[in-house]
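Since the structure comes first, as structure tokens, the remarks are kept for the end.
Every number in this text was worked out from the coordinates using simple rules, so none of it is lab data. All values derive from a computational prediction rather than experimental measurement. Because the Cβ atoms are built from the backbone with ideal geometry, glycine has one as well, and the counts that use them run over all protein chains shown.
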Amino acid sequence: MTVSPAPLVRLANGVEMPQLALGTWPMNDAEAAVAVAAALDLGYRAVDTAENYGNERGVGRGVRASSVKREEVFITTKFNRQWHSVDGARAACEASLERLGFDYIDLLLVHWPNPDQDRYVEAFQGLVRLLDEGLVRAIGTSNFKPAHLQRLFDQGLVPHVNQIQLDPWHRRDALVALHREKGIVTESWRPLGSGSDMLADPVITAIAEKCGRTPAQVVLRWAVQQGFATAPKSINPERMAQNLDVFGFTLSDEDMVALDALDRPDPGMLDADHFGH
Ligand code: A2P
């Protein structure tokens, strides 16, 4: 079983990133090694990990165990709050490289802004240096809200990617509009709404039935059809294949509007002004 690799999205610095990656939270090293190798053999060409997931070693092992060469895989990782300084970003990058067993990272992200600590601008300045030195090919943020991004813009800094929680129940319109204005690629985490019953939403299941697709494929198609990159997690090769197979059909304008209308307030959503690590 193989699936065509995802199309590429071009970042502001010209680097091309596969539009769909394998998410790896909450896999441990052993699970990640198996899942990453299976995903790459199936057709995936991008993997999303983080220092905080504790599975970078497994991700590296999975890449080496697969039939795909390192340079054909786009690896994203992220670092925690203790590294929010120019030197800290370098130390975080070197530690991730050591755990992954690679000599460069494709995309390195500040995982959470941690505004209580207020050092995320310095962390991003550290990323710029790593980019200049060629240790990373692209740089970005995760979970940054408009006010956090604005602090970067004020210093003339623009991330290539901002990876955020986004799905039909959490549309994040204001943030997405800001990304578009600044040429930042939007990438969604938890795109399948894990931990909620989003995939059982009757609007989603009805569209899935009508299109002969699964609910997961409908919500992933909703994301990629808007140009978002996304990183669904699965440890199951059949579901991995299903999740990658979302580039060969189109949702009608009517279906997109119906999915857009599912946006609702979520008081339980993690708020980057108060949550971070
Ligand atoms: P599993 O790893 O057993 O496949 P998210 O990316 O939004 O965090 O969602 C991940 C969750 O969704 C995991 O529990 C994963 O389980 C499950 N999942 C992944 N792909 C699918 C799919 N195609 N259909 C249903 N559930 C899925």
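A few comments on the model shown:
- Only residues that are on the phi > 0 side of the Ramachandran plot and either touching a residue at least 24 places away in the same chain (Cβ under 8 Å) or under 21 Å from the mean Cα position of the chain (by Cα) (or both) were counted in segment 94-139, giving 3.
So that you can scan it fast, the table gives a plain yes or no per residue for (1) small (Gly, Ala, Ser); (2) under 24 Å from GLU16 (Cβ atoms):
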residue: LEU131; (1), (2): no, yes
residue: THR141; (1), (2): no, yes
residue: ALA147; (1), (2): yes, no
residue: GLN155; (1), (2): no, no
residue: ARG171; (1), (2): no, no
residue: VAL185; (1), (2): no, yes
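- Selection of segment 90-123 for residues being aromatic (Phe, Trp, Tyr) and out of contact with any Ser or Thr (no Cβ under 9 Å at 6 or more places or on another chain) yields only TYR104.
- Members of segment 176-196 that are more than 7 Å from the ligand (Cβ to nearest atom), touching a residue at least 24 places away in the same chain (Cβ under 8 Å) and either part of a loop (DSSP other than H, G, I, E, B) or over 15 Å from the mean Cα position of the chain (by Cα) (or both): LEU178, LYS182, GLY183, ILE184, SER196
- For segment 16-39, residues that are over 14 Å from GLY62 (Cα atoms) and surrounded by fewer than 19 Cβ atoms within 10 Å (Cβ to Cβ) total 3.
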